[in-house]
């Protein structure tokens, strides 16, 4: 008598969601994962600096000026990274300095991206004279070297932290405007935009709800890389005395304060420079991974 054997049907695995697929693609780049880890650590240090730092960054210990780090002869475990010429703890100043540098980078990125989105979408939608005016202004900004333009702006409006953010924002605005404009022009010629127009979608909803989401991948990558550029630019202004003003523990200003000690006490200048290097490098590695994950066509072989 024949036996009816029914084989169990194999279940097909559900495809991963977009976030999971993004993470799988992102973690293939080991440098990007390392960069993300370092950036996360810097952000946590900045958030909890008041808890992690052993001292207030402005406290002066006059009996312990210019102490070397603990790995050098004469180091003191109470000040693991040494002290500056005024006796301020270098570790505490570096931790609090991460707050200022990240605040500058994130502020510049957010303001530049929002303004760039508005101007880029306006240029692509209206075209004509509005497009020409916006592009010519962006060309004028880009025609001047970024640091020179930032110095000029700060020299006019005055050196302080707020004006540093304003100056760096203006310097990096054109890259967002041009990127959004080019992406929006490409999207406006597609069928889904035509269908939205025919269905009666208004201009604002069309540009910000229908078109803008499809322009986000390159914009996100640019935003990530823009944070590191803003940190570098602000550090340059701080080094020239045009950024955050002493005694604020901003990394660029710390470099400027220690420039006369580069031969006699090199660690005072080297430590903030290393902090800038590590942070900027980590952000750039993370941005490289974002680029590969968001646009596989640009993935390196």
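We did not get these values from a lab; they are worked out from the coordinates using the rules stated. This structure is a prediction, so every number in the text was calculated from the model and none was measured. Cβ sites come from the backbone with ideal geometry, for glycine too, and all protein chains shown count toward neighbours.
For the reader, a short list of remarks on this structure follows.
- Cα gyration tensor category, rounded, prolate or oblate, for the stretch 222-266 with a/c compared to 1.5: prolate
- With contacts taken as Cα pairs under 8 Å at a separation of at least 6 residues, the stretch 111-238 carries a relative contact order of 34 percent.
- Relative packing of peptides 83-92, 69-78 - highest average C-beta neighbours within 10 Å first: 83-92, 69-78
- Helix 266-294 axis versus longest C-alpha principal axis of the chain: approximately 0°, rounded to the nearest ten.
- Cα-based convex hull, the stretch 164-204, per residue volume (Å³, whole number): 66
- Given the choices (i) 30, 25, 21; (ii) 44, 31, 14; (iii) 34, 20, 18, semi-axes √(5λ) of the Cα gyration tensor in Å derived from the coordinates of this structure is entry (ii).
- Relative protection proxy for 142-155, 124-137, 270-283, 225-238, from highest mean packing down: 225-238, 270-283, 142-155, 124-137 (other beta-carbon atoms within 10 angstrom).
- Nearest-0.05 FRET efficiency for residue 190 and residue 21, computed from C-beta distance (R0 25 Å): 0.60
- Whole-angstrom gap from the stretch 64-140 to the stretch 255-278, using each part's C-alpha centre: 17
- Residue-averaged [θ]222 nm for the chain, counting only DSSP H segments that reach four residues, each worth -39500 (n - 2.57): -21500 deg cm²/dmol
- Rounded to 0.05, the FRET efficiency of the residue 199 and residue 40 pair, given R0 = 41 Å and the Cβ-Cβ distance, is 0.45.
- Across every direction, the projection of the convex hull enclosing the Cα atoms of the stretch 176-301 has a mean area of 11.2 nm².
- Rel. contact order, % - alpha carbon contacts under 8 angstrom, at least six apart, the chain: 24
- When peptides 175-186, 246-257, 43-54, 198-209 are ranked by their average number of other Cβ atoms within 10 Å per residue, the highest-first order is 246-257, 175-186, 43-54, 198-209.
- Cα-based helix-to-principal-axis angle, 146-157 vs the chain, degrees rounded to 10: 70
- Folded to 0 to 90 degrees: helix 18-27 orientation relative to the chain principal axis, Cα: 50
- FRET efficiency for the residue 156 to residue 277 pair, using the beta carbon distance and R₀ = 30 Å, is estimated at 0.45.
- Residue list for the stretch 97-118, given a label point 7 angstrom along the Cα-to-Cβ vector of residue 137 and an amide N cut-off under 15 Å: 112-118
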